[in-house]
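Since the structure comes first, as C-alpha cells, the remarks are kept for the end.
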C-alpha cells in the first residue's frame, strides 16, 4: 500500500514549482475529505429546509418536509464514512469518543454527530411517522415490512390520540433544538478549517458561516432535485407552490453564500497581507477552472441569474421547472467545487508561501476516484431504502411508489 | 409581581452602570500586570530548548543524515524530521530557496555567483512551541507536550487523521508511510533523557545547533539566548517556539 504512495510522490517531485518544505510534497487531505464537508452540508441544508415547515410554519412546504428529513438521515449515515476510510488507523477511531481532546475541533465531531443523529433526526422522524408505523404494522401486505414496523413501534400498538398530541409537541420542540444543531453541525465543519491559523487560505472567522450557507444552498438544491425526480418517477404532478417556495429559499441561500465568499475574497485582496501573492497565484493558476469557472461563474452566478429571472418575470411552469433543475444541478456541482477549492486548494501552496505542490487524483486505491464515487453514491441507496420503508408521500404503503 | 417604582429602577440602573464603568476603568491596570508572563522554564526543571546559529551552518547536511539514521526516518526526500534550506538572494532581490533531499546530499552549484548578494543555510526542525497548534488540534491527545517542554507523538494512539500536519505552521510533520501515523522531530527525547544531546547536534561539525536546559541559567542555550539577539520563526502565529535562531534573515519563512 505505502509503496504506491511513495512511487507516486517520487513522480510528483519534479512537478513542484518554487520552494516547498520537504514534508509538504504529499497532500494530506484528499478527495475523501472534500466529500466529507459536502455530505455533511447536504444533511444540514436538507434539515434546515425541513425545519422551515415545522418551526416557521411554512405550510406550503409540506410535500418536501418528510423527504427533507429522510434525505438528511440518508446522508448523515454515510457522512462519517469518508473520514473513517481516510484514517491511517481506522480501528482506533473510537478513541475520538473515549478520550477526546477538549481543545480539538475534530474531537467534537463524534459528539455533535451522535447528538444530531440520535437525539434529533432519528427521534424526529420516528415521532413524525409513529402514527403510520402503528397502522402499517398491521396492514402492510409484506410480512417483512410488518415485522420491521412492529419493531419500530417499540411495543406500543395502540397509542391514544392524546399521545399523538404529545408526539407532535415533542417533535416540534425537537425541530427547534434541531435547527441550532444543524447549524452547529455544519458551522463546526467550517471551524475545522477556519481555525487552522497555519493556513491562510483556511484561517478566517467567516469560514463556518460560509460553510453553513453553502450547505443550506446545497441541501435545499438536493431536496428540490430529489422532489422533482421522485414526482417524475412516481408519475405525480409537482406541487408548484411548494417547488416555487423551495426555489425561493434556495436563491436566498445561494445569494448569501456567494456574498460571504466574495466579501472574504475582497477583504483578503484589500488587506493584501504577506500571503496574498501566493493566494493570487493559486486562484489565477491551479484553481482557475474549479474556482473562477465552476464555483463562481457556473455554480453561483448562473443559478442566481436563472432563479432571479423566475422571481422577476412570470415564467410559464415548464420554463420554471427547467430553470430550477438546471440551477439546482449547477449549484450542487459548484458547491462540490467550493469544497474542493477549500480542502485541496488550501494544500497546494507551501506554508513557506514560496511554492506549490501538486495533486494527482488516482483512480483506484483507498483515496482514489473510485472509492470516493462509491461513497458519494451510497447515500442514494440508503435513501431508496428509507423511502421504501417510510414513504414520505401520502399513499398506501406497499403500493407502487 | 411587585411593581418596581421608577425611582428604584433608575437607581438600580445607575448603580449597575457605575459598577461596570469602574470595572472597565480598572481593567487596563489589571491586564498590564498580567502582561508579563513568566517563562515556563522557571517552573519546571529541566525544560528543553534549542538554538541555531545560522552564521555557523555550512549546509553539510550531516544533521539530516544523522537524524534519519537515529530515528528510522524513511530515506525518501519527502519525509524529514529535520532539513536544511539554502537561501540565495541575488543583487536584484531575486530569492531562490532549495533543499534537495532535505540538504542531505549537498546542493547544486550556484549559477552566476557574481550576481549573488548573500547566501546562507537555515536548519529546520520542530520549533518546540510552547503553544503548539499540533497538540491543540489532535483529536485523541496522541500528540502531547511533555512536562519538560517537548512535543511528542504516541504512535500507538495516533489515529492517522493528519490534522496535526495541517496545523503545524512550520511543516515539520509528515505522515509515516509504513506506520500510518503522524511523525515529527522528537528532539531525540530518548537521548535527552539519558543525558546525551540530539543526533543532529552531535553530528554538526560547526556547533551551529545547540540543545540544552532552559531552566538552568548556566546552560549553553540560556547563555546563547542571553548573549545574542535571537529570533523565532513566524512569531505572529503566537506559538512561542523554544527554538530560536541567531542571524535570521527577513526572507526566511
Within 14 Å of chain B (Cβ to nearest Cβ), surrounded by 19 or more Cβ atoms within 10 Å (Cβ to Cβ) and within 23 Å of the chain's Cα centre (by Cα), is that true of residue A:104? yes
Of the conditions (1) surrounded by 14 or more Cβ atoms within 10 Å (Cβ to Cβ); (2) modelled with pLDDT under 95; (3) within 14 Å of chain B (Cβ to nearest Cβ), residue A:268 satisfies every one except a single condition; which number is it? (3)
Subset of region B:148-166, residues at pLDDT below 95 and within 11 Å of another protein chain (Cβ to nearest Cβ), comes to none
Residues (more than 8 Å from chain A (Cβ to nearest Cβ) and over 20 Å from the mean Cα position of the chain (by Cα)) located in region B:75-86: B:75
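For (1) part of a helix (DSSP H, G or I); (2) on the phi > 0 side of the Ramachandran plot, each residue gets a yes or a no:
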site: B:8; (1), (2): yes, no
site: B:59; (1), (2): no, yes
site: B:64; (1), (2): yes, no
site: B:75; (1), (2): no, no
site: B:105; (1), (2): no, no
Only one of A:40, A:71, A:64 is more than 9 Å from chain B (Cβ to nearest Cβ), under 13 Å from the mean Cα position of the chain (by Cα) and modelled with pLDDT under 95, namely A:40
Counted residues in region B:127-136 being away from chain A (no Cβ under 12 Å) and either part of a helix (DSSP H, G or I) or surrounded by fewer than 21 Cβ atoms within 10 Å (Cβ to Cβ) (or both) come to 1
Of all residues in region B:78-95, how many are surrounded by fewer than 19 Cβ atoms within 10 Å (Cβ to Cβ) and part of a loop (DSSP other than H, G, I, E, B)? 4
Lone qualifier among B:145, B:124 - being within 12 Å of another protein chain (Cβ to nearest Cβ), without any contact (Cβ under 8 Å) to a residue 24 or more places away in the chain, at negative phi and in contact with a strand residue (DSSP E or B) (Cβ under 7 Å, 6 or more places away or on another chain): B:145
Residue under evaluation residue A:93, criteria (1) over 28 Å from residue A:176 (Cα atoms); (2) in contact (Cβ under 8 Å) with a residue 60 or more places away in the chain, criterion not met: (2)
Applying the selection to region B:186-198, what residues are touching a helix residue (DSSP H, G or I) at 6+ places or on another chain (Cβ under 7 Å) and surrounded by 24 or more Cβ atoms within 10 Å (Cβ to Cβ)? B:198
Pairs returned, first residue in region A:349-366 that is more than 13 Å from chain B (Cβ to nearest Cβ) and modelled with pLDDT of 95 or more, second residue that is surrounded by 18 or more Cβ atoms within 10 Å (Cβ to Cβ) and not in a loop (DSSP other than H, G, I, E, B), beta-carbon separation under 6 angstrom, 6 or more apart or interchain, are A:356/A:348; A:356/A:349
Of the residues A:76, A:83, which is more than 14 Å from chain B (Cβ to nearest Cβ) and crowded, with 19+ Cβ neighbours inside 10 Å? A:76
Taking the conditions exactly as written (part of a strand (DSSP E or B), surrounded by 17 or more Cβ atoms within 10 Å (Cβ to Cβ) and touching a helix residue (DSSP H, G or I) at 6+ places or on another chain (Cβ under 9 Å)), does residue B:50 satisfy them or not? yes
So, residue A:171, is that one more than 14 Å from chain B (Cβ to nearest Cβ) and part of a loop (DSSP other than H, G, I, E, B) or not? no
What do you reckon, is residue B:123 crowded, with 24+ Cβ neighbours inside 10 Å and closer than 22 Å to residue B:253 by Cβ? yes
Mind counting the residues in region A:208-252 that are outside any helix (DSSP H, G or I), in contact (Cβ under 8 Å) with a residue 40 or more places away in the chain and either under 17 Å from the mean Cα position of the chain (by Cα) or more than 16 Å from residue A:65 (Cα to Cα) (or both)? 2
Taking residue B:118 as the residue in question, decide whether it is more than 24 Å from residue A:5 (Cβ to Cβ), within 14 Å of another protein chain (Cβ to nearest Cβ) and outside any loop (DSSP other than H, G, I, E, B). no
Taking region A:14-35 and keeping only residues that are surrounded by 16 or more Cβ atoms within 10 Å (Cβ to Cβ), assigned to a helix (DSSP H, G or I) and touching a residue at least 12 places away in the same chain (Cβ under 8 Å), one is left with A:24, A:31, A:32, A:33, A:34, A:35
Just checking, which of A:205, A:180 is away from every other protein chain (no Cβ under 14 Å) and assigned to a helix (DSSP H, G or I)? A:180
Filter region B:167-185 for residues that are out of contact with any helix residue (DSSP H, G or I) (no Cβ under 6 Å at 6 or more places or on another chain) and either surrounded by fewer than 20 Cβ atoms within 10 Å (Cβ to Cβ) or within 23 Å of residue B:252 (Cα to Cα) (or both); which is nearest to the other protein chains (Cβ to nearest Cβ)? B:180
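The values are calculated or read from the model by the stated rules, or taken from the named source; none is laboratory data. Please read these numbers as outputs of a predicted model, since none were measured by experiment. Quick reminder, even Gly has a Cβ in these numbers, built from the backbone with ideal geometry, and neighbours come from all protein chains shown.
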